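The values are calculated or read from the model by the stated rules, or taken from the named source; none is laboratory data. In this text, all values refer to a predicted model and were calculated from it rather than measured experimentally. Please note: Cβ atoms are built from the backbone with ideal geometry, for glycine as well, and neighbour counts cover all protein chains shown.
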Amino acid sequence: MSAAAALDDTMLALADPTRRAILSRLAAGEARVTDLAAPFAMSLNAVSKHIRILERATLVRRRRSGREHVLSLNPAPLDEAAAWIAQQRAFWNTRLDALERALAEHKD
């Protein structure tokens, strides 16, 4: 998968508040799928769909322990998204600073 496609998957996964809540819970440690689903007013099937999107973005890892599915957070895609955001911020801050200087010079 290309870096751009991976970033797209990460951003898509982060766009939903339910998926962000699942990631927040997993930041505290691994959890069973049924435990992750408990606080949400939706079916286990609906929560599973959210989890699949998180897995596609590789934000979540799944392992089986007997009949249980246990999930854990993979922070690497978040780091990659943060790096992209930092690059964008630096680019636009430079451009906006240059614009501000040009406008100040023009005003004088």
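Before moving on, here are some points about what is shown:
- Within region 1-51, the set of residues being at pLDDT below 95, closer than 17 Å to residue 77 by Cα and in a loop (DSSP other than H, G, I, E, B) comprises 1, 2.
- Options 89, 62; residue that is under 27 Å from residue 2 (Cα atoms) and not in a helix (DSSP H, G or I): 62
- Exclusive hit being surrounded by 12 or more Cβ atoms within 10 Å (Cβ to Cβ), over 12 Å from the mean Cα position of the chain (by Cα) and at pLDDT 95 or above, set 60, 70: 70
- Of all residues in region 20-32, those that are touching a residue at least 12 places away in the same chain (Cβ under 8 Å) have Cβ atoms under 7 Å from Cβ atoms of residues that are in a loop (DSSP other than H, G, I, E, B) and surrounded by 14 or more Cβ atoms within 10 Å (Cβ to Cβ), 6 or more apart or on another chain, in 23/59.
- Positions within region 40-57 being surrounded by 15 or more Cβ atoms within 10 Å (Cβ to Cβ) and of a type in the set (A, V, I, L, M, F, W, C), in sequence order: 47, 51, 53, 54, 57
- Any chance residue 71 is of a type outside the set (S, T, N, Q), closer than 17 Å to residue 14 by Cβ and outside any helix (DSSP H, G or I): yes
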